[in-house]
Every structure is written in C-alpha cells, then in structure tokens.
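Take a look at the structure below.
The values are calculated or read from the model by the stated rules, or taken from the named source; none is laboratory data. Just so we're clear, the structure is a prediction, and the values are computed from it rather than from any experiment. Cβ atoms come from the backbone with ideal geometry, glycine included; neighbour counts cover every protein chain shown.
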Amino acid sequence: MKAKLSLLTVLFTFAIISTSCVSVQVKDNTVSNISSEVKNPKNIILLIGDGMGLSQVSTAIYYKNGKPNFERFNTIGLSKTSSASDLITDSAAGATVFSTGVKTYNGAIGVNKDTIPVPTIVEELSKRGLATGIVATSSIQHATPASFYAHVKSRRLYEDITSFAPNSGVNFFAGGGLKFFTKRKDGKDLLAEMKAKGYEVITDQLPKTISEKSELILLADDGMPKMSEGRGDFLPNATKLALEKLSKNEKGFFLMVEGSQIDWGGHNNDADYLIQELLDFDKTLGVALDFAKQNGETLVIVTADHETGGYTLASYGNDYNKIKPSFSTTGHSGTMVPVFAEGPGASNFNGIYESIEIYHKMMALFGK
C-alpha cells in the first residue's frame, strides 16, 4: 500500500511539473541556453535584418570565423511578406506589419491602406509603462525604425516623420538622421524640442554609460557609415547600451534593433557590403542572446521585412568547393523570410504564417 501511495505521489508530482513546463529542447546532450518554461516574457527584443533572406543568413556560416549566433536559436519559422498593395513588399509596409499588425500599401509608415494612423506596439506598450527603444544603422527616420513611432502616408516625408519623435514615448533612440532635426525646411529646431521633452541629446559618440533621462543618440547626418567605412561596433554596442537602460524598468521593455544596411548591400548587388553588414548583425544577435540568457525573462526574435537582391550562394561554375555570391535583381524579392525565436514564448513562432502574425504574437505574449 505504501509503495502504491509512493508511486502515485511521484506520478502526481510529475504531472504538476509537466503542466508547468514544456519539454526542454536538447541539442548535443546540453539543455537549451534559455529557459523554456511556459510563461510570458517580461521583455521582447525584435531584431530586423532588413532585406535578409535565408541566403543572407547562410552567409554567416560561410564567412564568419566561428559559429554564427544564428545557430543558437532552437525555434525557426517562416514569414510571408507580401503587402496589401503588392506581392513584393517594401520596407515601410514590411515594418508597419511588425509595428501595428496591419497589412498596408508600399510606402506607408504606421498607417493602414486608407492612410489612417494605427497605434504601434511602441505606443501601446509605452502607455502601459514599459520602456521602449529603437536602434538602427540607418537614420531613425528610415522606413523600418520610423514605422515604430510615426504615422505618415509616405516614407519619403522624413521631416514629418521626425516631428513624431518628441512625443513618441521612445526612451532610447540610436542611429543617424541628425539633419532632419536641425536642417529643416520649416526652420524648427527639433533637438531643442527633444531636450524640452526631457531627452538627453548626444551627437558626437556612443556614450559609455546610460543616462537617467530618455536618450536621443544621433551619430550621422543621415544613415550611419558602412562597416567598410569604419562604423565599428556601433550596432552591438548601442544594443548593449539600450538593454542596460531599458532593463531598469520593472514593468519590462520592448527593443527594436535593425541591421539596416544588409538591404543596401543587396540593392547595390555588392556582396562584400552585404556580407560585412550581415556579420555585424550576427554579432549583435550575440549581445541580445547573451542578455536573454542571463536575464531569463526576455524573448529574442530575429526576422526580416523582405529579401533584397535575389541573393544566392552559387558555385563558381562546376567548382562546388567555391562559393560565388550572386544576385538576380537590384530590388526586393517575394521569397519567404526566416523567423528565429529564443526565450519564453519562443514556440509561438514555429510554422509558416503571414508577417502580421509577428505583431499579434508579440502583443499576445505581452498580455493583450
């Protein structure tokens, strides 16, 4: 009788454990780096490799010294990227689906197909008291970062986009785009307005320590320099600084980080440009994953708005031991793009789905 009770106790205990935890994924006989407990994340880091398709991701395998950080993810899905207006999306519509969960027309920034503003994830979470941040190697007015805090009918309206920054609620901006604050047709000095709203404005170099204030870090007039032009570790270091700052908020945070110039290398059909930018992005993934591993309450998501360049890793003729990066277009392509996820809630990102689902999955995990 005692033996039966003991067995029942063991089975009951196991059942409780099974309902509170999902199976821990095992690879090479080691437990996954980040907790797989069934719970919602407190924080989400969304990293967007602009123009990054599967061939771009594969570049990290062949051109990086050491194991790519992409290989640290255990959950991988695929996103269908068409916009409401076109089979092939642009970056504005492609990012607006991540920020609002609405499919819209190419060129739209934070508005639906009728040009009506739609609340962004940054605005929704800021209202709840969460911290938010935007980091990019483009200007912060470029299509992807702009879609997270602005609402305009055209991505080319850079001055209009900038006017949303002072009241955006974003706690940490880092990238380029200084001229749209200071060299404006309307003569306004939006840097002064940012300061009046409580921002610390930094325009010389990435600071070593965080500020108690919200931060606007603008280190280029427009887009940041290429890696080949000496940008250095801006993207991983700015991401690290953002995480240090945003993680002080006890309610949690949302951070969007864009490797903007992977796309630009694709448009230029410049393989060297693309590869250097992709490897910089992979290094930045390491920063996010290391933070998440230590923090335990952070979900890391990596995806793209679309693929650019029709990029492939072809062979040199019949030499299958030599890779020749090649392109089929100077524009975008309609191929699906990968979605990587690691951390609490990662399993939600398995499968094949429309790009808008990334927004809805994130908001559901944040408790909406």
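What's the number of the only condition in (1) small (Gly, Ala, Ser); (2) closer than 20 Å to Val111 by Cβ; (3) touching a Phe, Trp or Tyr at 6+ places or on another chain (Cβ under 9 Å) that Ala174 fails to meet?
(2)
Can you pull out the residues in segment 335-356 that are out of contact with any Leu (no Cβ under 9 Å at 6 or more places or on another chain) and surrounded by fewer than 20 Cβ atoms within 10 Å (Cβ to Cβ)?
Ser347, Asn350, Glu354, Ile356
List pairs: first in segment 182-211 and on the phi > 0 side of the Ramachandran plot, second part of a loop (DSSP other than H, G, I, E, B) and surrounded by fewer than 15 Cβ atoms within 10 Å (Cβ to Cβ), Cβ under 8 Å, 6+ apart or cross-chain?
If the second residue must be part of a loop (DSSP other than H, G, I, E, B) and surrounded by fewer than 15 Cβ atoms within 10 Å (Cβ to Cβ), the pairs left are Gly198/Lys213.
Which of the numbered conditions does Lys368 fail, given that it passes all the others? Conditions: (1) over 15 Å from the mean Cα position of the chain (by Cα); (2) modelled with pLDDT of 95 or more; (3) of a type in the set (D, E, K, R).
Just one mismatch for Lys368, condition (2).
Go through segment 328-352 residue by residue and tally those that are in contact with a Ser or Thr (Cβ under 7 Å, 6 or more places away or on another chain), of a type in the set (Gly, Ala, Ser) and within 19 Å of Lys293 (Cβ to Cβ).
Total satisfying the criteria: 4.
Checking Ser211 against (1) assigned to a loop (DSSP other than H, G, I, E, B); (2) surrounded by 24 or more Cβ atoms within 10 Å (Cβ to Cβ); (3) not basic (Lys, Arg), which test does it fail?
It fails just one condition, (2).
If you take the residues in segment 147-175 that are in a helix (DSSP H, G or I) and in contact with a strand residue (DSSP E or B) (Cβ under 8 Å, 6 or more places away or on another chain), which one is surrounded by the fewest Cβ atoms within 10 Å (Cβ to Cβ)?
Step by step, filter segment 147-175, then rank; the result is Asp160.
Per-residue answers, yes or no, for (1) basic (Lys, Arg); (2) farther than 23 Å from Phe281 by Cβ:
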site: Glu200; (1), (2): no, yes
site: Lys213; (1), (2): yes, yes
site: Leu218; (1), (2): no, no
site: Gly223; (1), (2): no, no
site: Arg231; (1), (2): yes, no
site: Pro236; (1), (2): no, no
site: Leu241; (1), (2): no, no
site: Ser247; (1), (2): no, no
site: Ser260; (1), (2): no, no
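Could you please let me know if Ala292 is more than 26 Å from Tyr273 (Cα to Cα) and under 19 Å from the mean Cα position of the chain (by Cα)? Full working, then the answer.
On the way: more than 26 Å from Tyr273 (Cα to Cα): yes; under 19 Å from the mean Cα position of the chain (by Cα): yes.
Yes, satisfied.
Could you tell me whether Ile217 is buried (at least 16 other Cβ atoms within 10 Å of the Cβ) and in a loop (DSSP other than H, G, I, E, B)?
When the stated conditions are applied, Ile217 does not pass them.
Restricting to segment 232-262, give me the number of residues that are of a type in the set (Gly, Ala, Ser) and under 13 Å from Val135 (Cα atoms). Talk me through it step by step, then tell me what you get.
Initially, segment 232-262 is screened for residues of a type in the set (Gly, Ala, Ser), giving 232, 238, 242, 247, 252, 259-260.
In the following step, the residues that additionally are under 13 Å from Val135 (Cα atoms) were identified as 238, 242, 259-260.
Summing the residues that are of a type in the set (Gly, Ala, Ser) and under 13 Å from Val135 (Cα atoms) in segment 232-262 gives 4.
Hey, could you check segment 43-82 for residues that are basic (Lys, Arg) and in contact (Cβ under 8 Å) with a residue 12 or more places away in the chain and say which is nearest to Ser328 (Cα to Cα)? Full working, then the answer.
Filtering segment 43-82 down to residues basic (Lys, Arg) leaves 64, 67, 72, 80.
Within this subset, residues satisfying the condition of being in contact (Cβ under 8 Å) with a residue 12 or more places away in the chain are 64, 72, 80.
Details: Lys64: 24, Arg72: 30, Lys80: 20 Å.
Going through the qualifying residues, I end up with Lys80.
Of the residues Gly187, Gly175, which is modelled with pLDDT under 95 and out of contact with any Cys (no Cβ under 8 Å at 6 or more places or on another chain)? Walk me through how you get there before you give the answer.
On the way: Gly175 fails: modelled with pLDDT under 95.
After ruling out the rest, the residue left standing is Gly187.
Among the residues of segment 88-103, are any at positive phi and surrounded by 20 or more Cβ atoms within 10 Å (Cβ to Cβ)?
Yes - at least one qualifying residue is present in segment 88-103.
Taking segment 335-368 as the region of interest, how many residues are assigned to a helix (DSSP H, G or I) and of a type outside the set (Asp, Glu)?
13
If the requirement is being touching a strand residue (DSSP E or B) at 6+ places or on another chain (Cβ under 8 Å) and among the basic types (Lys, Arg), which of these qualifies: Lys361, Lys322, Lys283, Lys293?
Result: Lys322 is the single residue among Lys361, Lys322, Lys283, Lys293 that is touching a strand residue (DSSP E or B) at 6+ places or on another chain (Cβ under 8 Å) and among the basic types (Lys, Arg).
Among the residues of segment 137-145, is any in contact (Cβ under 8 Å) with a residue 12 or more places away in the chain and surrounded by fewer than 24 Cβ atoms within 10 Å (Cβ to Cβ)?
no
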